[in-house]
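Asks: Sending over a structure as structure tokens; questions will come in a sec.
The values are calculated or read from the model by the stated rules, or taken from the named source; none is laboratory data. Just so we're clear, the structure is a prediction, and the values are computed from it rather than from any experiment. Using ideal geometry, Cβ is built from the backbone for each residue, glycine included, and neighbour counts are taken over all protein chains shown.
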Amino acid sequence: MKSKFVVSAMLAALVSTAAFAEVTSLRGDQGISDNNEIAKIKKVPKSQDKLGLDYVHQPPLIPHETGQVQLNPSNNGCLECHDVSTYRKADAPRVSPTHYMDRDNKILTEVAPRRYFCLQCHVTQVDATPLVENEFKPAGKFGQ
């Protein structure tokens, strides 16, 4: 019985040593005391043409800078231009009617809480090279 325990303990030690040997850091070969190189922030043109959508129900990309837009629980800067009451004056696309529906499809008078933080789904479009290889092809007539 004692020998089975000793063999089991030795086997467990061997397996865990082998498991730790396979673990690599997300930092790669870079030492902890070395500084990381900061990636350059991509510049977004002040205004640009809208890109086509690549698939059904894709959230439209934002064709302008969003760094100065306040978006917090008490203020949604996107709605200053894109709300139903202001989009014509601002010459901006209107918020989709689906954004005024709750999860039970009840129509609301304000943007639904689950749709309030625009940048969860909509991202600023930039002309940047992909970080990884991408073989995505738009569906059907999309991407035009």
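Asks: Evaluate the following for Thr17: is it at pLDDT below 70, outside any helix (DSSP H, G or I), of a type in the set (S, T, N, Q) and loosely packed, with under 10 Cβ neighbours inside 10 Å?
Replies: Details: at pLDDT below 70: yes; outside any helix (DSSP H, G or I): no; of a type in the set (S, T, N, Q): yes; loosely packed, with under 10 Cβ neighbours inside 10 Å: yes.
So Thr17 does not fit the description; no.
Asks: Next question, about the same structure. Which of the residues that make up the range 98-120 are without any contact (Cβ under 8 Å) to a residue 12 or more places away in the chain and out of contact with any strand residue (DSSP E or B) (no Cβ under 8 Å at 6 or more places or on another chain)?
Replies: Taking the range 98-120 and keeping what is without any contact (Cβ under 8 Å) to a residue 12 or more places away in the chain, we get 101, 103-110, 113, 120.
Selection gives Arg103, Asp104, Asn105, Lys106, Thr109, Glu110, Pro113, Gln120.
Asks: Still on this structure: Among the numbered conditions (1) assigned to a helix (DSSP H, G or I); (2) over 29 Å from Gly140 (Cβ atoms), tell me where Lys43 comes up short.
Replies: With respect to (1) assigned to a helix (DSSP H, G or I); (2) over 29 Å from Gly140 (Cβ atoms), Lys43 is out only on (1).
Asks: Turning to a different aspect of this structure: Within the range 94-144, work out how many residues are of a type in the set (A, V, I, L, M), over 22 Å from the mean Cα position of the chain (by Cα) and assigned to a helix (DSSP H, G or I). Break it down into steps so the answer makes sense when it comes.
Replies: Within the range 94-144, the first condition is being of a type in the set (A, V, I, L, M), and the residues that meet it are 95, 101, 107-108, 111-112, 119, 123, 126, 128, 131-132, 139.
From what is left, the residues that are over 22 Å from the mean Cα position of the chain (by Cα) are 101, 107-108.
The next check asks that each one be assigned to a helix (DSSP H, G or I); those that pass are none.
So the answer is 0.
Asks: Taking only the range 54-87 into account, find how many residues are of a type in the set (A, V, I, L, M), within 16 Å of the chain's Cα centre (by Cα) and under 14 Å from Arg115 (Cα atoms).
Replies: The qualifying residues number 1.
Asks: Still on this structure: Based on what the data block shows, is Leu61 at pLDDT 90 or above, surrounded by 13 or more Cβ atoms within 10 Å (Cβ to Cβ) and in contact with a Ser or Thr (Cβ under 8 Å, 6 or more places away or on another chain)? Reasoning before the result, please.
Replies: Working: at pLDDT 90 or above: no; surrounded by 13 or more Cβ atoms within 10 Å (Cβ to Cβ): yes; in contact with a Ser or Thr (Cβ under 8 Å, 6 or more places away or on another chain): yes.
No.
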